[in-house]
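Structure first, commentary second.
The values are calculated or read from the model by the stated rules, or taken from the named source; none is laboratory data. What you see is a predicted model; the values in this text were computed from it and never measured. Counting neighbours? That spans all protein chains shown, and the Cβs are built from the backbone with ideal geometry, glycine included.
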Protein chains: 2
Amino acid sequence: MAPITNGRVLFNAVPEDYPVPGKTTVYDTSETIDLESAPLNGGILIKVLLLSIDPYMRGRLRSPEKESYSAPFTLGQPLAGGGIGVVLRSEAAGVETGAHVRGLLLHQEYMIVPNLQAAMLEVIERDPKLDWSVYIGAAGMPGESAYVGWRAYSDGKPGEIAFITTGAGPVGSMAVQLAKKDGLKVIASAGSEEKVKFMKEIGADVAFNYKTTDVREVLAKEGPIDIYWDNVGGDTLDAAMEFAAKNSRFIECGQISGYNNGYQPMKNPGLIFAKCMHFHGFLLFELRAKYAEAFQAEVVPRLVSGEFKSSEDITRGLDKVGDVILAVQKGTNTGKAVVRVADE
Amino acid sequence: MAPITNGRVLFNAVPEDYPVPGKTTVYDTSETIDLESAPLNGGILIKVLLLSIDPYMRGRLRSPEKESYSAPFTLGQPLAGGGIGVVLRSEAAGVETGAHVRGLLLHQEYMIVPNLQAAMLEVIERDPKLDWSVYIGAAGMPGESAYVGWRAYSDGKPGEIAFITTGAGPVGSMAVQLAKKDGLKVIASAGSEEKVKFMKEIGADVAFNYKTTDVREVLAKEGPIDIYWDNVGGDTLDAAMEFAAKNSRFIECGQISGYNNGYQPMKNPGLIFAKCMHFHGFLLFELRAKYAEAFQAEVVPRLVSGEFKSSEDITRGLDKVGDVILAVQKGTNTGKAVVRVADE
């Protein structure tokens, strides 16, 4: 078999604010691969099927001298992120051709890894009722983030009030459903009418479009809030603090309002002691092991049965990664952003 | 016996920024009391001996329409605060003449209360080795604040690094000593060389004068910090966040930098999730009951034995309350600020 193109998405330039498709990242077709004869040296050849595009990736599109919690992408090299692939050939023990793997994949059509561990991959099976895309969404990293943050830090009690931002996204929508399952009243926000509709479908008691409805008006009427799930930061965080109840818990999962133009300051940190507030920042990988089994037991079967719902926004084509990264930063995607690189 | 003057400190005007002695508060001698014949109606006549002047009192010197965690003082009425008094006459069961009481006292020389509970008072005995002033300092509310905050939220482990602000004050110095007792390395800051000396005496590994030494330089060299005890807020809080370790605990006891001119914003709230930080705001009265016994058992005997040290700055004369309130806001007092209203 002749070599074929192995398309890749390369990190091309550090963005000043929002990433620019075609400039921040470029789609490159200069490499080829012979799927039959490429030497594996004991490793595994993977065909990339699905890639997860997540808000945190903006943080990796930075200069290497800037420190942060995640490693920077390397200029001139492919991006990487969560994804699903299928094994085309394997010389590794216990990894069969045709098996599906989940974990950190390069943003390219085909990749060779020395073994599963090196690339933080795991062989994964699919419930026939769930698409593979769910396994990088509600049943994957974003759903697990919501689960871990909620279980570790919400201390949610029936009748309490939770305010959840990005409530239609893969993390927020799982947080909404966990909060409802725990018997709380849920206020949820997102940036479009379509998302408001989805948040109501998954059980939010109060769902609003923050672009057309004033968050302070909603919280004044529906609060004070006992739990705040932060995926946005900025003025919404300030508003949540203003309408926070005594002893409230603020779960800091992310602050997308700050990823592209810098974080807005927190207006009134004095409220933290005056209201006996508790803030908990967390990163999934630090807590994952502790909650992995419970997540599999509590969440995945509910997705299979339909009790928990998820929503995906799938874009076809590896060359679209740059557009989807921008969409996720702007919030114009609807549901979990996934790029379908190839069919099986 | 003829009536005598019953001096009082009245709340006279809401301050714009720092309280102004003689304007914010005035010393008033217009009332009299006949100590022998004043009717008690079943209550207790108390002679005020010592008054505790604390940073939080600035928050009570406000307009009644402004909401906060503590009740505002009433214009034209006496201030109130922690203190020690002695019972001159009593018609209340179980309260003997000569007994000492501790709790919320009015800022006046003599007061009549219907019973102990109404004024949140308790009969208290003194260890002969400790002055009464210690019972409103290290063995009282400030010491207990440090104890409760540290035990509830520090999660301090031997070898970890704690940065404690106002380390020479009654709360901070107790936090320093608790942290050392738990085996941590302690960095402590205060605003004078005399205070630096005291912080070293009580065991701080690194003690510095924040007015002459750059906090970031100290933390860059001695950090990163696992625990931050916040009594100041503002730029010091920002610096502590910059040099915070992963999974650090920030205990928010107070932010005096914001009490007189408004709170400074927190520069980079995005660090909360990026560093998996935990912020815990607390107010003593919410947690007091849970830790009261342990505080009595763990702290008071160490003060008696001299293992734990305290420092008081005692000013004589009820008419000096306004000056001492200002000194506490400016940090010019050295040690726990106490006003001695009268001798026994």
Residues of segment A:172-209 being in contact with a helix residue (DSSP H, G or I) (Cβ under 7 Å, 6 or more places away or on another chain), farther than 19 Å from residue A:137 by Cβ and not hydrophobic (A, V, I, L, M, F, W, C), which ones? A:189, A:209
Would you check which residues across segment B:204-228 are without any contact (Cβ under 8 Å) to a residue 12 or more places away in the chain and part of a helix (DSSP H, G or I) and list them? B:217, B:221
Restricting to segment A:182-196, count the residues that are touching a residue at least 60 places away in the same chain (Cβ under 8 Å) and out of contact with any Gly (no Cβ under 7 Å at 6 or more places or on another chain). 3
Within segment A:91-129, track down each residue that is under 18 Å from the mean Cα position of the chain (by Cα), part of a loop (DSSP other than H, G, I, E, B) and closer than 19 Å to residue A:170 by Cα. none
Select from segment A:46-74 the residues that are outside any loop (DSSP other than H, G, I, E, B) and either aliphatic (A, V, I, L, M) or within 14 Å of another protein chain (Cβ to nearest Cβ) (or both) and list them in ascending order. A:46, A:48, A:49, A:50, A:51, A:57, A:58, A:59, A:60
Residue tally, condition without any contact (Cβ under 8 Å) to a residue 60 or more places away in the chain, buried (at least 22 other Cβ atoms within 10 Å of the Cβ), more than 7 Å from chain B (Cβ to nearest Cβ) and of a type in the set (Phe, Trp, Tyr), over segment A:244-300: 1
Across segment B:66-79, the tally of residues that are surrounded by fewer than 22 Cβ atoms within 10 Å (Cβ to Cβ) and either under 18 Å from residue B:259 (Cβ atoms) or basic (Lys, Arg) (or both) stands at 7
Criterion first (out of contact with any helix residue (DSSP H, G or I) (no Cβ under 9 Å at 6 or more places or on another chain), over 22 Å from residue B:284 (Cβ atoms) and facing chain B (nearest Cβ under 10 Å)) does residue A:230 satisfy it? no
Which ones in segment B:256-302 are over 30 Å from residue A:69 (Cβ atoms) and hydroxyl-bearing (Ser, Thr, Tyr)? B:259, B:291
Would you check if residue A:65 is acidic (Asp, Glu) and closer than 27 Å to residue B:246 by Cα? yes
Please determine whether any residue of segment A:153-162 is modelled with pLDDT of 95 or more, closer than 24 Å to residue A:53 by Cβ and not acidic (Asp, Glu). no
Does residue A:321 meet the test of being touching a Phe, Trp or Tyr at 6+ places or on another chain (Cβ under 8 Å), farther than 30 Å from residue A:7 by Cα and more than 14 Å from chain B (Cβ to nearest Cβ)? no
With the structure loaded, tell me whether residue A:208 is more than 20 Å from residue B:269 (Cβ to Cβ) and of a type in the set (Phe, Trp, Tyr) or whether it fails that test. yes
Test: residue in segment B:31-41 that is under 26 Å from residue B:172 (Cα atoms), out of contact with any Cys (no Cβ under 7 Å at 6 or more places or on another chain) and part of a loop (DSSP other than H, G, I, E, B): no
Take residue B:146 and decide whether it is in contact with a helix residue (DSSP H, G or I) (Cβ under 7 Å, 6 or more places away or on another chain), touching a residue at least 24 places away in the same chain (Cβ under 8 Å), more than 14 Å from chain A (Cβ to nearest Cβ) and crowded, with 24+ Cβ neighbours inside 10 Å. no
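The rows are residues; the columns are (1) touching a strand residue (DSSP E or B) at 6+ places or on another chain (Cβ under 7 Å); (2) within 23 Å of residue B:113 (Cα to Cα); (3) of a type in the set (Asp, Glu); (4) surrounded by 14 or more Cβ atoms within 10 Å (Cβ to Cβ).
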{"site": "B:1", "(1), (2), (3), (4)": "no, yes, no, no"}
{"site": "B:29", "(1), (2), (3), (4)": "yes, yes, no, no"}
{"site": "B:39", "(1), (2), (3), (4)": "no, yes, no, no"}
{"site": "B:50", "(1), (2), (3), (4)": "yes, yes, no, yes"}
{"site": "B:57", "(1), (2), (3), (4)": "yes, yes, no, yes"}
Restricting attention to segment A:301-317, report how many residues are farther than 12 Å from residue A:169 by Cα and surrounded by fewer than 21 Cβ atoms within 10 Å (Cβ to Cβ). 10
Residue list for segment A:79-135, restricted to those being charged (D, E, K, R), touching a residue at least 40 places away in the same chain (Cβ under 8 Å) and under 25 Å from residue A:37 (Cβ atoms): A:89, A:91, A:109
Right, residue A:198: of a type outside the set (Asp, Glu), away from chain B (no Cβ under 13 Å), in a helix (DSSP H, G or I) and touching a Ser or Thr at 6+ places or on another chain (Cβ under 7 Å) or not? yes
Before we move on, is residue B:189 within 18 Å of the chain's Cα centre (by Cα), of a type in the set (Gly, Ala, Ser), part of a strand (DSSP E or B) and more than 9 Å from chain A (Cβ to nearest Cβ)? yes
Might you let me know whether segment A:166-180 holds any residue that is surrounded by fewer than 22 Cβ atoms within 10 Å (Cβ to Cβ) and either part of a strand (DSSP E or B) or modelled with pLDDT of 95 or more (or both)? yes
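Residue by residue, here is whether (1) among the hydroxyl-bearing types (Ser, Thr, Tyr); (2) within 25 Å of residue A:153 (Cβ to Cβ) holds:
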position: B:144; (1), (2): no, no
position: B:152; (1), (2): no, yes
position: B:155; (1), (2): no, yes
position: B:159; (1), (2): no, no
position: B:162; (1), (2): no, yes
position: B:168; (1), (2): no, no
position: B:173; (1), (2): yes, no
When you scan segment A:80-100, do you find a residue that is within 14 Å of chain B (Cβ to nearest Cβ), surrounded by 13 or more Cβ atoms within 10 Å (Cβ to Cβ) and not hydroxyl-bearing (Ser, Thr, Tyr), even just one? no
For residue B:237: the one exception among (1) more than 30 Å from residue B:125 (Cβ to Cβ); (2) of a type in the set (A, V, I, L, M, F, W, C); (3) more than 9 Å from chain A (Cβ to nearest Cβ); (4) assigned to a helix (DSSP H, G or I): (3)
Regarding residue B:188, is this residue in contact with a Phe, Trp or Tyr (Cβ under 9 Å, 6 or more places away or on another chain), surrounded by 15 or more Cβ atoms within 10 Å (Cβ to Cβ) and modelled with pLDDT of 95 or more? yes
